[in-house]
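In what follows, a single structure is set out as structure tokens and then discussed.
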Amino acid sequence: MTGDSNIEIAELELRLRGGDTQALAELFSRERERLWRVIHFRLAEPLRGRLGPDDVLQEAFLAASQRLKHYADSPATSSFIWLRMIVNQTLVDLHRQHLGTQRRDAAREVSLDGVPYAQATSASVAI
């Protein structure tokens, strides 16, 4: 990062502490790639068919916009650390929502593209 870039981030963080949602959008855009990699690394395999990193980023942005006051209340936290924390909390929430339920557990889903058992016939699948 250049000195000018650090100054820009400091200015955006100052605006963010004041509740500026445009500053949040700009910071989120700057950090998008790093946050995407965090999500890609931590997203559970069974969820990858339902959710992608971009879906999680969208949810995290909405959560961040609702928690701007929390950022203002923690002056020692960098914007990236705060955004990463929200992304991680969003991942935990989504894992609980999709993997922790008995209703429609994503871990129990079977792909229609592949046959789980070679001996399976259309009659046995129908039964």
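Bear in mind these aren't lab numbers, they're just calculated from the coordinates by the rules spelled out. Quantities reported herein were computed from a predicted structural model and do not represent experimental measurements. Cβ: placed from backbone, ideal geometry, glycine included. Neighbour counts: every protein chain shown.
Some observations on this one:
- Selection from segment 39-72 of residues that are surrounded by fewer than 19 Cβ atoms within 10 Å (Cβ to Cβ) and either β-branched (Val, Ile, Thr) or within 24 Å of Ile7 (Cβ to Cβ) (or both): Leu68, Ala72
- Meeting the requirement of 1 or more residues that are among the polar types (S, T, N, Q), the helices (runs of 4 or more DSSP H) wholly within segment 1-80 are 3-17, 21-42, 53-66.
- Failed item in (1) surrounded by fewer than 15 Cβ atoms within 10 Å (Cβ to Cβ); (2) touching a residue at least 60 places away in the same chain (Cβ under 8 Å); (3) more than 30 Å from His98 (Cβ to Cβ), with Ile9 passing the rest: (1)
- Those residues of segment 81-102 which are of a type in the set (Val, Ile, Thr) and in a loop (DSSP other than H, G, I, E, B), in sequence order: Thr101
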